[in-house]
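Notes for the one structure printed next.
Please treat every number below as a calculation from the coordinates, not as lab data. Here the structure is a predicted model, which means the values were calculated and not measured. Heads up, the Cβs are rebuilt from the backbone with ideal geometry, glycines too, and the neighbour counts pull from every protein chain shown.
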């Protein structure tokens, strides 16, 4: 039987670490580099599934923590899994919920067993162990599922970062074992790929040690976690650069939670294949659109009579049909359509950005394309 999860490299840039590839899953092929819109609660806010297809989203992300609490992973399992429940037939990745659990702060207790926490919804008590998280993610049925990890806070002392990283590795092995058991028990359902998560804070040697140990587990893919949590940008880029060098060439690399356009393009240059973040959707709901030149704040008074689209040359439905003046009016009056149109543009923009990067890699001029993009983009 052929492996339903294969990653094939199509091209590699000669001057940088950038790669173009195809990740095959049971619900379709994903061209990389790829940006995954975040659908935490089985929905990308303000968009329906048809919008996501029109915006060219190849894969979306759901969250095990939120879906476990509401409506419940067992309910989704009975509905036929997340694909059937939300009527989305393209690939899905579910995060383990580790970041959400650890962000609860005083409401959680971490031990070797796992994390005991109180629900942010009703205060009820729960335990997330590696085994429990695998059971939740198997019930949800996403194509790609993430191992349970401790998301190391920033700043933290090296000693804490090392203990945290070592526990993440032990949890990853427990996830691997339980995932294998569940895959055999639930062989009537489409197979799922378990990705490991690298931790180690901003300490390169800890990141490298974590990478080597996870690679020894021979997982289908690897994620770089614990970044974009307050560390200086230069530290984040250094961790990405040094970590990808220790990951297998023929397996996908996923950078979790990093989503500003210039950071994405920097990371593509260091060999990252997959990204997710709430940046495009959250900014859109606050009236900020992304363009090749940087952010556009639609609520600004200077757009009151601006008949230009968000970005000239953009072929999304928002830019094809609506002006900045009209979008500003929608935000000023609190109309839901404004949130929808801005979100659609931002998701389309992020998809197009990844497609353009991929094309530049394939055509052999990514390094110049990257320089040109970073020179024109201003994150202000």
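Where both bridge residues fall in the stretch 6-278, DSSP classifies roughly 45% of the beta bridges as antiparallel. Placing a label point 7 Å from the Cα of residue 362 along the Cα-to-Cβ line, the residues of the stretch 1-44 whose backbone N sits under 16 Å from it are 8-13, 19-24, 29-35. With contacts taken as Cα pairs under 8 Å at a separation of at least 6 residues, the chain carries a relative contact order of 18 percent. Fully extending the segment from residue 124 to residue 183, taken as 0.36 nm per residue of separation minus the present Cα-Cα distance, adds 18.3 nm. Size descriptors for the chain, from the alpha-carbon set: Rg then Dmax equal 20.4, 62 Å. In the chain, helices alone account for a calculated mean residue ellipticity at 222 nm of -12500 deg cm²/dmol, with every DSSP H run of four or more residues adding -39,500 (n - 2.57). Averaging the Cα positions of each part gives two centres, and for the stretch 104-168 and the stretch 1-69 these lie 23 Å apart. Ordering 260-271, 22-33 by mean Cβ neighbour count within 10 Å, with the highest value first, yields 260-271, 22-33.
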